[in-house]
Structures are given as structure tokens and as C-alpha cells.
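The values are calculated or read from the model by the stated rules, or taken from the named source; none is laboratory data. None of these values were measured; they are calculated from a predicted model. Cβ placement follows ideal geometry from the backbone for every residue including glycine, while neighbour counts extend to all protein chains displayed.
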Amino acid sequence: MTHNLNYKAKQAARYIQSQLNEAGLHPKIFLVLGSGFRDASEQFDIKIRMPFAKIPGYGLPTVEGHGSELIAAQVETRSGIKDLLVATGRRHLYEGVSALEVCLPIFTAHELGIGNIILTNAAGGISEDKKLGSVVAISDHLNLTGHNVAATSVPPVFVGMDDAYCKPWRESVCQTVGITSGVYAGMLGPTFETSAEANMLKILGADIAGMSTVQEVIAARMNGQNVFACSFVTNKAGEPSAHGDVLSAVKASMLTIHATLLAAIEHAHID
Ligand code: HPA
């Protein structure tokens, strides 16, 4: 990480830690809510709300409808009450910010000693079975964004990306909730895929395509953090859905969305 970003992550972590100390919370899980998953924070017992604008070093998402606060919450699972740090939104490369800026929350979580990262997003379906309304656990990715957050380190770091999406964690969630997994094609956006591009992604072995997550996963690997990631399918890649169709699909799949997050929180590896 560059010195500037390292400084920003430390500043952000110091502010967040002071808030956590006041509330007596010790989160070991950081959850990033993407489109489709945003309302999920309502199922948590929210203890602290920190608008991104108040956190030193944090930038604000510029996309309307994307959340802009960090929440510290507690969640009751079958294995007890878990403390959780939740970002209700994220920044994307297509907003014109660097990969390092996109990943600042992941580096901040690392500064806070958080070793488990849950990433959620919206995606277009490529494989036939990844239909509108499905929740898909990500098993691997194709980084087609043209960016790589690891390329910003001086000296360069060579990051192993085998098993970047923690297999035992993913398998436990898939088994508990009954969802399938798939390969995520990470695109720069903000254009959706053309039909030809959607065909290309299918040939390359992608099951779903989206515009976030891959840089955050690389950052998590740089830090040695465990990752569980999942997508909510909002459309068929190459055929964006009408907003109303997406909203009704989210509503119809709310139980699966909640169950997936709860299972991910429950099965996180916490020492
Ligand atoms: N492509 C890329 N990103 C997306 C899509 C898509 O079809 N749907 C939601 N996010």
C-alpha cells in the first residue's frame, strides 16, 4: 500500500476503534452490502452508525441509492451473538477512483484486526441457471477490470489467488442455505455488457458478471483475510432489467438473501 493510503487506513481505523471501544464491541467480521443486499442491515441489532463523511480518509460513494454509512451491529446466530462491522455501500472503479481508494475499507478492516470479509454485490447472470432473483456464492473470479490493487505496492507484492474465496466457508453457506456457486467476471463498467461481450464471458467460463468485488478480494488476499462473497442476480448479462423488475426480485428473494448473510456470519472462522 502507498504511504498515503496506509496513513488514511490508520486514521480511519483509529476513529472507528474509538467508537467500538465506547460501545464495547469487538467485530471480527466486516460485511460490505452491495445492491440487492442493502436492506439486510435492518435484520441486525444496530449499535453505532458512522456516516462515511465523518470517518477520516473515507470517501463517499457518488452513485445514488448506494448506502454511505458504516454500522457496528450485533447479530444473533445459532453459535451465539456476533459483533459485526457493516458498510452499507462501497465505491467502484467506474466512479473514477483508484483501486486503492476502492479497497480502503478492506485495509481499514485489517488495521482493526478483522480477518473475515463478507462481500455482496449485484450481478448479471451468464449461465442458464443463474436467473433473476438467484443468490450465487462466488467460487472464483476473472479480473477483467484492467486494474489490480496489488500493482500499487512498492516494492511489488506477488499475491497468491488460489482459494481466494475460502472454500470451507463457501461450502458451509451453500449447504446451509441451498444456493449454488459460480465464477464472477469482474468488469470495469459502468456500461453493461454487449451481447457479444456476454457471449465472450460465457466462453471464458464466467457464470455471472458484475462491476465490483474483485479488487476488494485481492486486497483481502494481500492482508491474509478470509473471504466469502455472493451476488444477487438482477438481470441476464447483456439484457439489463427494468428497475421495477429488480426491486420485485429483491423482495421475492429477501428470505434467501437474509439466510445467506446469516449463514455467512455464522460460519465465519473466528478464533
Ligand atoms: N453486468 C455487470 N454488472 C452488473 C450487471 C450486469 O449485467 N447487473 C448488475 N450488475
Can you name the condition, by its number, that Thr176 falls short on among (1) farther than 19 Å from Thr260 by Cα; (2) out of contact with any strand residue (DSSP E or B) (no Cβ under 7 Å at 6 or more places or on another chain); (3) more than 10 Å from the ligand (Cβ to nearest atom)? (1)
Just need a number here: residues in region 206-215 that are closer than 10 Å to Ser127 by Cβ and assigned to a loop (DSSP other than H, G, I, E, B). 2
Could you pull out the residue among Gly113, Gly125 that is within 22 Å of Asn6 (Cα to Cα) and either within 13 Å of the ligand (Cβ to nearest atom) or modelled with pLDDT of 95 or more (or both)? Gly113
Which of the residues that make up region 133-150 are assigned to a loop (DSSP other than H, G, I, E, B) and under 22 Å from Ala263 (Cβ atoms)? Gly133, Ser134
Here is a check on your reading of the model: is Val149 within 13 Å of the ligand (Cβ to nearest atom), under 17 Å from the mean Cα position of the chain (by Cα), closer than 26 Å to Pro61 by Cα and of a type outside the set (Lys, Arg)? no
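Do we find a residue being within 16 Å of the ligand (Cβ to nearest atom), within 18 Å of Thr260 (Cβ to Cβ) and touching a helix residue (DSSP H, G or I) at 6+ places or on another chain (Cβ under 9 Å) anywhere in region 153-166?
No, because not a single residue in region 153-166 is within 16 Å of the ligand (Cβ to nearest atom), within 18 Å of Thr260 (Cβ to Cβ) and touching a helix residue (DSSP H, G or I) at 6+ places or on another chain (Cβ under 9 Å).
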Can you confirm whether region 240-248 contains a residue that is under 13 Å from the mean Cα position of the chain (by Cα) and either modelled with pLDDT of 95 or more or under 23 Å from Arg38 (Cβ atoms) (or both)? no
Any chance you could count how many residues in region 79-110 are out of contact with any strand residue (DSSP E or B) (no Cβ under 7 Å at 6 or more places or on another chain), surrounded by 19 or more Cβ atoms within 10 Å (Cβ to Cβ) and touching a residue at least 40 places away in the same chain (Cβ under 8 Å)? 12
Any hit, region 40-62, residues being in contact (Cβ under 8 Å) with a residue 60 or more places away in the chain and under 28 Å from Lys167 (Cβ atoms): yes
Suppose we filter region 151-205 for residues that are touching a residue at least 40 places away in the same chain (Cβ under 8 Å), part of a helix (DSSP H, G or I) and among the polar types (S, T, N, Q); how many remain? 4
Evaluation of Thr108 against (1) among the hydroxyl-bearing types (Ser, Thr, Tyr); (2) at pLDDT below 95; (3) away from the ligand (no atom under 16 Å from the Cβ) (one fails), failing number: (2)
Those residues that are more than 16 Å from the ligand (Cβ to nearest atom), over 18 Å from Asn121 (Cβ atoms) and either touching a residue at least 12 places away in the same chain (Cβ under 8 Å) or not in a helix (DSSP H, G or I) (or both), I need them from region 227-261; list them, please. Ala252
Subset of region 191-226 that is among the acidic types (Asp, Glu) and within 13 Å of the ligand (Cβ to nearest atom) - its residue that is surrounded by the most Cβ atoms within 10 Å (Cβ to Cβ): Asp207
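Conditions tested, residue by residue: (1) of a type in the set (Val, Ile, Thr); (2) more than 16 Å from the ligand (Cβ to nearest atom).
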position: Asn6; (1), (2): no, yes
position: Ile29; (1), (2): yes, yes
position: Asp45; (1), (2): no, yes
position: Met50; (1), (2): no, yes
position: Pro61; (1), (2): no, no
Within the group Met200, Met187, which residue is under 19 Å from Val32 (Cα atoms) and hydrophobic (A, V, I, L, M, F, W, C)? Met187
